[in-house]
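Visitor: A single structure is presented below for examination.
The values are calculated or read from the model by the stated rules, or taken from the named source; none is laboratory data. Predicted model only: the values in this text are computed from it and were never measured. Positions of Cβ are backbone-derived with ideal geometry, glycine not excepted, and every protein chain shown enters the neighbour counts.
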């Protein structure tokens, strides 16, 4: 299915860790108000059983060792990241085996945004 820039994709309902429902309207080619690093940091606060350091995450932080994100949580996190940009990660060939650090997860988030024609933002917004 070919979508034109600015066409609506959604509404998209998804459930965050803890049962909180998120409903969002997405547009192809939209620019998100937050950088991918900020988006990932916000999502890690929802999914990590450990406290996420404030003031920006070091991209070399280990998801498993530093933030206690296990493989099932990583899959749930990737599904939620995809859902927030209108991508069903079950329908794409998303390899999570090499996602070990915060920086790796930021690259996944940027890839998912790019698949929906979303213009990437980097750094802090």
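Visitor: Could you grab me the full set of residues in segment 84-109 that are surrounded by fewer than 21 Cβ atoms within 10 Å (Cβ to Cβ), in a helix (DSSP H, G or I) and at pLDDT below 90?
Guide: 89, 90, 91 - these are the residues of segment 84-109 that are surrounded by fewer than 21 Cβ atoms within 10 Å (Cβ to Cβ), in a helix (DSSP H, G or I) and at pLDDT below 90.
Visitor: I'm checking my understanding of the structure. Among residues of segment 27-73 that are within 14 Å of the chain's Cα centre (by Cα), surrounded by 13 or more Cβ atoms within 10 Å (Cβ to Cβ) and within 17 Å of residue 114 (Cα to Cα), which one is modelled with the highest pLDDT?
Guide: 40
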